[in-house]
Amino acid sequence: MKLKIAIQKSGRLFDDSLRLLRECGIEFNNGVNKLRSEALNFPLEVLFLRDDDIPQYVSDGVADIGIVGENVAIEKNRDIRTIERLGFGKCRLSIAVPRSFEYDGLSVLEGKKIATSYPFLLGRYLESKGVTAEIHEISGSVEIAPGIGLADAICDLVSSGSTLFLNGLKETEVILKSEAVLVAHDALDAERLAILERLLFRIQAVRKAKR
Ligand code: ATP
Ligand code: ZN
């Protein structure tokens, strides 16, 4: 019996996800085919997937656990449990408007068009603040939407803010502070739970040593 963990196959979370497993003392065959890889000294199998797909695979039980940005974990709104915050992949999901836009509070977005890849998180936030706006879902290059007249504002991931700056935008509201999290299927059997416990124990030790 092996616990299956889904991690991002390439992208911002890939290196740190693998590093974390290695720091936990888990070794892999090099020359892995990058679809899946079995650990040599721990009952773990790694599945390499697009980050957006990880919540669904964990919810369906194709993978038992996964490492994904909290932003994706919440946006996909699946039945999965967040087990542990992992301290990497830090970013924020923010609303930004053109620099010339006179912004004096969220209510100026009433009736405006906001482009985002995070319609669920944005919608939830606007609703909690009592603001109604038109959410325009686009899958990539959200930051160019205002410049080409597609939207009045955007809601996107930000880390340094340089992408916003380069696109003539300013950050006005942070709606989520995100980092990578370990998520798990919500009904793991006892055998899988026992392996997860062992893994979690190691992860927590690694994280403690870094503090
Ligand atoms: P995939 O091909 O797997 O779908 P992607 O392009 O959707 O990849 P990445 O850009 O690699 O995803 O980002 C993965 C995660 O890294 C994000 O969901 C977020 O949690 C985190 N992240 C950290 N900093 C940033 C940032 N500045 N911009 C975007 N994502 C960031
Ligand atoms: Zn993605």
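The values are calculated or read from the model by the stated rules, or taken from the named source; none is laboratory data. The structure displayed is predicted, hence computed values, not measured ones. A quick note on method: Cβ atoms are made from the backbone with ideal geometry, for glycine too, and the neighbour counts reach across all protein chains shown.
Before moving on, here are some points about what is shown:
- Residue within the stretch 68-83 that is among the β-branched types (V, I, T), closer than 25 Å to T163 by Cα and assigned to a strand (DSSP E or B) present: yes
- Residue in the stretch 161-183 that is within 16 Å of ligand 2 (Cβ to nearest atom) and in contact with a Pro (Cβ under 8 Å, 6 or more places away or on another chain) present: yes
- Residue within the stretch 69-78 that is at negative phi, touching a Ser or Thr at 6+ places or on another chain (Cβ under 7 Å) and at pLDDT below 95 present: yes
- Criterion violated by S10 - all others in (1) in a helix (DSSP H, G or I); (2) farther than 28 Å from G123 by Cα; (3) within 16 Å of ligand 2 (Cβ to nearest atom) satisfied: (1)
- Against the list (1) within 26 Å of A63 (Cβ to Cβ); (2) within 16 Å of ligand 2 (Cβ to nearest atom), the condition E191 fails is (2).
- The residues of the stretch 133-148 that are aliphatic (A, V, I, L, M) and within 12 Å of T116 (Cβ to Cβ), listed by number, are A133, I135, I138, V142, A145.
- Selected residue [among the small types (G, A, S) and away from ligand 1 (no atom under 11 Å from the Cβ)] from G66, G89, G11: G66
- Among the residues of this structure, D52 counts as one that is assigned by TED's automatic domain parsing to the domain that holds A190, within 16 Å of ligand 2 (Cβ to nearest atom), surrounded by fewer than 16 Cβ atoms within 10 Å (Cβ to Cβ) and outside any strand (DSSP E or B).
- Neighbours by Cβ (under 8 Å, 6+ apart or cross-chain): first from the stretch 118-133, assigned by TED's automatic domain parsing to the domain that holds A151; second exposed (fewer than 15 other Cβ atoms within 10 Å of the Cβ) and part of a helix (DSSP H, G or I): V131/S107
- Of the residues L199, L166, L188, L109, the single one that is at pLDDT 95 or above, in contact with an Asp or Glu (Cβ under 9 Å, 6 or more places away or on another chain) and within 30 Å of P43 (Cβ to Cβ) is L188.
- Residue in the stretch 63-83 that is within 24 Å of E179 (Cβ to Cβ), of a type in the set (G, A, S), surrounded by 21 or more Cβ atoms within 10 Å (Cβ to Cβ) and touching a Phe, Trp or Tyr at 6+ places or on another chain (Cβ under 8 Å) present: yes
- Extreme residue, nearest to ligand 2 (Cβ to nearest atom), among residues of the stretch 60-81 that are among the β-branched types (V, I, T) and within 23 Å of R36 (Cα to Cα): V72
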